[in-house]
Amino acid sequence: MKPIKVNLNPLSVNQCWKGRRFKTNEYKAYEKSLLLLLPNNVKIPLGSLKLTLKWGFSSKLADWDNPIKPFQDILQKKYNFDDKRVFECFTSKEIVKKGEEFIEFKIEKL
């Protein structure tokens, strides 16, 4: 299939909602856990970045795109980079048994 181009400025998540948004307790716990579980020795290359993500979901109803923004925000917090440097992202999902959920990622120079 040939790419389809629509000349319209994409909306950010921030532009989609009115008013302030607050982190839920569930998100705060997720962020705390991830910051502890992510390895400290990851070196982020300079320049434009490519992010590869793989989600291991136990629910077939899980959308592959919903966890991207919160996870990417936590990555940039942990590794001290600005996510505006991510110019390419490849995302996939895999259905796994309950209790075997995972997040796999790779950050590389584009």
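Descriptive notes on the structure:
- Selection from region 34-81 of residues that are assigned to a helix (DSSP H, G or I), of a type in the set (A, V, I, L, M, F, W, C) and under 10 Å from the mean Cα position of the chain (by Cα): I68, F71, I74, L75
- Selected residue (criterion: surrounded by the most Cβ atoms within 10 Å (Cβ to Cβ)) from residues of region 51-74 that are more than 19 Å from V13 (Cα to Cα) and small (G, A, S): G56
- Leading residue by the ranking (surrounded by the fewest Cβ atoms within 10 Å (Cβ to Cβ)) among those in region 84-109 that are part of a loop (DSSP other than H, G, I, E, B) and in contact with a Gly (Cβ under 7 Å, 6 or more places away or on another chain): E100
- Among residues of region 30-45, those that are of a type in the set (D, E, K, R) and loosely packed, with under 10 Cβ neighbours inside 10 Å, counted: 1
- Per-region count, region 12-29, residues at pLDDT below 75, within 17 Å of the chain's Cα centre (by Cα) and exposed (fewer than 10 other Cβ atoms within 10 Å of the Cβ): 2
The values are calculated or read from the model by the stated rules, or taken from the named source; none is laboratory data. This structure is a prediction, so every number in the text was calculated from the model and none was measured. With ideal geometry, Cβ positions are generated from the backbone for all residues, glycine too; neighbour counts draw on all protein chains shown.
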